[in-house]
Amino acid sequence: MIDRLHWLAVAAAFGLLTGCGTYGDFGRVRPSLVNDDTHAWMGPAAARGPATNLAWRHQLTEEERTLRDLAYPLIEPPYDRQRWYSVLGELGVGSRPWPYPDRSAYASRLFVTAYRSQTARYNRLIEDIRNDVMRIDPFFSSARYVTEMDRKREKALSYVSNLTAEERDNTLQRIAENRNIVRWVQGSLHERTESYRVALERMVIAAPSPVAVEAERSLTLLQQRITGYGA
């Protein structure tokens, strides 16, 4: 799997150099640069414990792939999206702040990026917040389904005949990975909200604008959606 990821990363870099680009429609990574398990690395990464060397692992279910695909945009720093190196993050290659970037990092990136006007900078903040708002419902819908299936999966262990210790360990490990990914996103959403708030407060004193009211409303909506899911 690691070799596969590195080869994909090389392919992505080569594609950029030859001008083919990294992203297609709607900001998605081009299909030629990914496979079905692009975000499979998130499970082990979320565990943050000692690496396990199990002889085999359960293959991800379609629902578990969806959970990871929907989780990634909510843990990836908003300012890294569409960067030339962002495809490497999609593949789990390279280092990232763990578990969350510094809260001031988003504001710093927003201020050092050149914009034609302060309104454009406010609009970027509003767009990033609204993108997160739109992503929340699909993610938690997927998380709810996977969590319910994991409850049934765990109960089923008691009824499997001739269950080996390895099978049991693999199953429990997958359940733990799914649970930790949900927790990762919950923590990330809280930190992202605070990062957006830091950015908005700095923008208000640097360049007051009526658009700040719209940004505040978007931020309030994001917080309400997060609170609604108990995150």
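The values are calculated or read from the model by the stated rules, or taken from the named source; none is laboratory data. Note that this is a predicted model, so its numbers are computed, not measured. Cβ coordinates were reconstructed from backbone atoms using ideal geometry, including for glycine residues, and neighbour counts include every protein chain displayed.
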Answer yes or no: is there a residue in the stretch 187-209 that is of a type outside the set (A, V, I, L, M) and within 17 Å of GLY43 (Cα to Cα).
yes
Search result, residues across the stretch 123-151 that are under 22 Å from GLN173 (Cα atoms) and either in contact with a Cys (Cβ under 7 Å, 6 or more places away or on another chain) or in contact (Cβ under 8 Å) with a residue 60 or more places away in the chain (or both)
PHE139, PHE140, SER142, ALA143, TYR145, VAL146, MET149
Members of the stretch 157-189 that are closer than 30 Å to LEU74 by Cβ, of a type in the set (Gly, Ala, Ser) and surrounded by fewer than 15 Cβ atoms within 10 Å (Cβ to Cβ)
GLY187
In the stretch 208-231, residues that are outside any helix (DSSP H, G or I) and either of a type in the set (Phe, Trp, Tyr) or exposed (fewer than 15 other Cβ atoms within 10 Å of the Cβ) (or both) total 4
Here the qualifying pairs (Cβ atoms under 9 Å; residues six or more apart or on different chains; first in the stretch 64-84 and aromatic (Phe, Trp, Tyr); second assigned to a helix (DSSP H, G or I) and modelled with pLDDT of 90 or more) come out as TYR79/ALA105; TYR79/TYR106; TYR79/SER108; TYR79/ARG109; TYR79/LEU110; TYR79/ASP128
I'd like the full set of residues that are in contact with an Asp or Glu (Cβ under 6 Å, 6 or more places away or on another chain) and either closer than 18 Å to ALA215 by Cβ or surrounded by fewer than 17 Cβ atoms within 10 Å (Cβ to Cβ) (or both), limited to the stretch 97-121.
ARG103
Helices (runs of 4 or more DSSP H) wholly inside the stretch 11-127 containing at least 2 residues that are modelled with pLDDT under 70
86-90
Members of the stretch 159-187 that are in contact (Cβ under 8 Å) with a residue 60 or more places away in the chain and either among the charged types (D, E, K, R) or not in a helix (DSSP H, G or I) (or both):
GLU166, ASP169, ARG174, GLU177, ARG183
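Residues are listed down the side, and each one gets a yes or a no for (1) in contact (Cβ under 8 Å) with a residue 12 or more places away in the chain; (2) over 22 Å from the mean Cα position of the chain (by Cα):
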{"position": "LEU157", "(1), (2)": "yes, yes"}
{"position": "LEU189", "(1), (2)": "yes, no"}
{"position": "ALA199", "(1), (2)": "yes, no"}
{"position": "ARG217", "(1), (2)": "no, yes"}
